[in-house]
Amino acid sequence: MPTDGSPVEGKAGDALACGGVPVPPGWPDLSSGDAEALLAPFLTCASPGEYVALQQRVDMPRLVEALDDWSAVRLGALGPVREDAAGILHRKRVAFLLAATERYGLFYAEVFALFVLHSAHDDDVAAVLRLLARDKQLGQTLALMPAVREELEARGLSLSAYPDRSERASDVLRGLGRAARDALSSSQASDGARYTEFSARREQLPAPYRDALHEVEQALALRHFAPGSVAVGSLDAATFGVPLGFYYLVAGTGQGLSSLSQGQYEQATRELAPAMLLGALYAGGRSLRVLSEARGSAVGGTHRLHGLQAMELRLRGLKEVARRLEGLLGGEGMRELARDIRASREAGRFVAVGGVDAALALREARGDVARAQALMSKARPGATGSSEVGRGAARAGGLASLVDEHVGLTREVVEAKLARVELEATGPRLSRDVTVLERQPPSLEVPPPEARGNPRWREYVEYYERRLGELKEGKSTKGPLRWESYERMWGWFARGLTFERLMVKVLREDALLPRAQRRFLGDFNKPPSTHPLIVAMVAKFGGHHPSTPSVRRP
């Protein structure tokens, strides 16, 4: 990961992509001062998982610091920000809330404040409240917004738990400074600049928030002719009751983000319950990635995919992932999973990176991320979705260590699965030019610094040579993965097989229970007892055996 703000590109010039859209050459240029250009690649990501993965390739603290406050708020709305940049994002969210309250007034600022709250995890919201209270600003901002207070109460974040600090002498000077700014901002030129800024930011909000601002504007106009106060209506429909990840329901364009039509919001509301929607958005990385790649190829070719067509594909993928999760967890389990994901940034990141199996582990651990990581890793620390993801699993043994014939994982099956996972891997790859690959082959005796002492390096050299031979014979069209991507891919592959073993065990134990006590197989009069059928169920819900016939509920 670059730490000097250098552009994110492969060693052979292979640029990264997110949502099927290539990252612009030279991105991110932290010295450009162009916040929109810094933000644009993140806005093309098709899922929280892609968004998290792109963050691993840049110096996030410096990138967030380079954004203006509003751009940082938009970045934070996309999903969990990396831990080392979270504190900077909290400060920028606070600065934006203070500025919006001062520049636009409480009524308009309340809609922006709801946008911030709806797109943040509970622990991030708590951090923002603490910063406001520490600066004695909570009582002058969020505490005066009824809809915001109601939202916070519903999430167990009562403002009474965050009292403003006591008065200080410096507060007098701060008050005088604000009064001076208020006087300066009363000029017509300032009003024009402020309205231009407000209008631009309004257009960058999702459609329900734009509608809410329009309603506030109408109410303020009517207040000139009638007594009464302005009230912001409920914005539950803005995120379907789910305060995270809704950006990924929008249709991407070459220029960045465009909101869906109101009809598409209504369609999603009807077809996906809020908890199911949140679970699918965070756990459905593979399905959404495939759709985003299809969208990206369409945008890059001569047949541009229409935004609503892309949205219909996205909804189809979301419904499939939600159906799988609901089959494993049930309705109440899905609601609990949604609460688990909303509760903390780390939980959201864990599920975004780990997918369906991470979601199941998180629910099994009752929202405890550390315990969920332990459940997933078993004897393979590192295959957990943490920042060291895949490294422990990658060093836990060779391919033979993953063979388990008792659950149908013969060596041939494991090799076939690994080949498919490698083919679908989205990490940076080397050139597919045979001449280039022959000129710079990896050396078994001289591994790069990051691979020294890693037993996976030998396997990588063999993999490189094998792919080179396939390219020469015309059996492959993809260049080999770079070392970092290969190690990460291998770690996640090992983690997936660990999950498969765990689920086979769970299903077998469930089959032995009386029908009324079963959690997963209650709809079967005679639960499957042979492993091909049980493994087929694991395939249906875990996605590891796409060629195996599915077992459907009767």
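Values in this text are rule-based calculations from the coordinates and carry no lab data. Keep in mind the model is a prediction, meaning the values are calculated, not measured. All Cβ positions, glycine included, derive from the backbone under ideal geometry; neighbour counts span all protein chains shown.
Quick notes on this one:
- Subtracting the Cα-Cα distance of Lys505 and Ala154 from their residue separation scaled by 0.36 nm leaves 122.5 nm.
- The label-point distance for Arg210 and Glu450, in a model that sets each label 7 Å from Cα toward Cβ, rounds to 4.0 nm.
- Taking each residue as 0.36 nm, the span from Ala37 to Thr196 lengthens on full extension beyond its C-alpha to C-alpha distance by 55.2 nm.
- Taking the range 83-97 and a reference point 7 angstrom along Cα→Cβ of Asp68, the backbone N atoms nearer than 19 Å belong to 89-97.
- Additional length obtainable on full extension of the chain from Arg339 to Glu167, 0.36 nm per residue less Cα span: 58.3 nm
- Other residues with beta-carbon under 15 Å from the beta-carbon of Asp123 carry, at +1 per Lys or Arg and -1 per Asp or Glu, a net charge of +2.
- Zone residues, the range 469-498, relative to Ser443, backbone N less than 19 Å from point 7 Å out along Cα-to-Cβ: 483-484
- Residue pairs, from the table Lys319/Lys505; Lys319/Lys475; Lys417/Lys478; Lys417/Lys475; Lys92/Lys319, whose Cα atoms sit over 25 Å apart: Lys319/Lys505; Lys319/Lys475; Lys92/Lys319
- Estimated FRET transfer efficiency (Asp29, Glu332; beta-carbon r; R0 41 Å; 0.05): 0.30
- Förster radius 41 Å - calculated FRET efficiency between Leu222 and Arg420, Cβ distance, rounded to 0.05: 0.10
- Extending 7 Å from Cα along the Cβ direction at Val434 and again at Gln56 yields two label points whose distance is 3.2 nm.
- Qualifying trypsin sites (Lys or Arg not before Pro) in the range 435-512, where qualification requires a DSSP coil assignment and no more than 14 other C-beta atoms within 10 Å, comprise Arg452, Lys475, Lys478.
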